[in-house]
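Shown next, in structure tokens, is the structure this report addresses.
The values are calculated or read from the model by the stated rules, or taken from the named source; none is laboratory data. Just so you know, these numbers come straight off a predicted model, no measurement behind them. Heads up, the Cβs are rebuilt from the backbone with ideal geometry, glycines too, and the neighbour counts pull from every protein chain shown.
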Amino acid sequence: MYITAALKNDKKSKRDLWRAILKKDREKVNEILIQKHEELKTDGPNDPINKCLIYINNNRDGICAHKDYQDEITGCSAESHVSHILSERLSRGPKHFPIIFIMVESLIT
């Protein structure tokens with residue numbers, strides 16, 4: 001997301017940046033993004049190139065670990081699934097009433 005926002009449709013820069021990231025070449029990554037920053041003269045708090053640069057440098061350990069351990073890492077969506085189920089069950093009200101509850105309720109009133 002950060003790379004796409006920063007480099008938009010510049011396919012060559014994207015390809016070069018991804019190569020540098022996969023090679024774990026921090027200097028090349030910084031060089032590409034700084035060069036693009038100077039070329040486009042973007043500034044301000046919402047500068048996408050600056051955000052990309054900060055994100056990549058702040059998450060370098062995770063990026064390197066993903067590259068180093070890519071054979072051992074297996075994808076799993078269990079955490080998001082469990083979170084989804086828990087949020088569904090902990091929501092304010094029930095999604096439906098069981099038929100027995102409706103029958104008992106109708107006998108009481």
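Checked against (1) at pLDDT 80 or above; (2) of a type in the set (S, T, N, Q); (3) surrounded by 10 or more Cβ atoms within 10 Å (Cβ to Cβ), SER83 passes all but a single condition, namely (1).
Elements of the type helices (runs of 4 or more DSSP H) sitting completely within the range 1-58 and holding at least 3 residues that are β-branched (Val, Ile, Thr) and modelled with pLDDT of 90 or more: there are none. Just so you know, in the range 17-52 the residues that are of a type in the set (Asp, Glu) and more than 21 Å from the chain's Cα centre (by Cα) include one that is nearest to LYS67 (Cα to Cα), and it is ASP25.
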